[in-house]
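As structure tokens, the structure follows; a few thoughts come after it.
Please treat every number below as a calculation from the coordinates, not as lab data. Please read these numbers as outputs of a predicted model, since none were measured by experiment. For neighbour counting, all protein chains shown are included, and Cβ atoms are generated from backbone atoms with ideal geometry for every residue, glycine included.
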Amino acid sequence: MEIVNIAAYKFVSITDPLAWRDLLKSECARLGLKGTIVLAEEGINLFLAGTRETIDQFLNYIHRPELFAGKFDVLDIKESISDHQPFGKMVVRVAKEIITMRHPMIRPEDERAPMVDAQTLKRWLDQGHDDEGKQIVMLDTRNAFEVEMGTFNGALEFGIERFSEFPERIKQAASEDQLKDKTIVSFCTGGIRCEKAALFMSEIKLPRVYQLDGGILRYFEEVGGEHYQGECFVFDERVALDPQLRQTTKTYTRNTAK
């Protein structure tokens, strides 16, 4: 049976995420979906798997304005297909942040970071510079285990174990002039970490900062694997996907630190 896997997030102000938890948990149980949904005052982050019919029913459900006041319109959804259910259970939880950075002044629900789409980024990488002739630094905001599976050619990465370590490491890199006069494109699996990362870099006055819209998964979906070496870690039992968004045949020891 074909299983549709979706990864989606949205930074949006949610006054009472606890009140929405039970609604979402109940609907996922009714539809037989499995995966993870994280709710916080700053938004929603989800990884879900089910049949095409049940995934579409769920997306219709969360777009109903009478339930969620239109908060989840225009979700940034990445999709892949598998021949089995890659999650063992369904978890819906409330957290302080949908991705932990521990810098409360970074509020992506109020302001989005500048972004570059996959086609434009590929063109920049093909030509070796952005449209103003600036050198491009691909900045991997993921943890070391994920980077080891695959990353963009020549990407800068910090060997971090958790995303909460990123702010100090990027401040250090900025102070050492590693990024001076360059265009920085932050990236991650699906966009959520690189969006916060780009906002933080703007906060510390790095002048030319973008996030890769939709992350690696959107890049694979729209332009394939050019300029990328290896696979992309995903947060389910498939562990990693290749640039064709297929489960890889390599064996990894799964590590979910982020």
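Results, tabulated for the structure shown:
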read-out	value
Packing-based order for 208-214, 162-168, using average beta carbon neighbours within 10 Å, highest first	208-214, 162-168
Debye-sum result for segment 5-78 in log10 I(q)/I(0), which assumes one identical scatterer on each alpha carbon, at q = 0.13, 0.14, 0.17 Å⁻¹	-0.32, -0.38, -0.57
Simple label model, 7 Å out from Cα along Cβ direction - Thr249 to Thr51, nm	3.1 nm
Convex hull projection area averaged over all views, the chain, Cα basis, nm²	13.2 nm²
Partnerless cysteines, meaning none of the other Cys C-beta atoms lie under 4.7 Å away, in the chain	Cys28, Cys232
Proximal lysines to Lys182, defined as alpha-carbon separation beneath 25 angstrom and excluding residues fewer than eight positions away on the same chain	Lys122, Lys134, Lys171, Lys196, Lys205
Percentage relative contact order, the chain, counting C-alpha pairs under 8 Å, at least six apart	19 percent
Distant-in-sequence amide H partners of Lys34 (H built 1.01 Å from N, under 5 Å)	Ala49
Long-range Cα-Cα pairs in segment 115-241 (distance over 17 Å), rounded percent	53 percent
Exposure proxy ranking, count of Cβ atoms within 10 Å, fewest first, for Thr151, Thr36	Thr36, Thr151
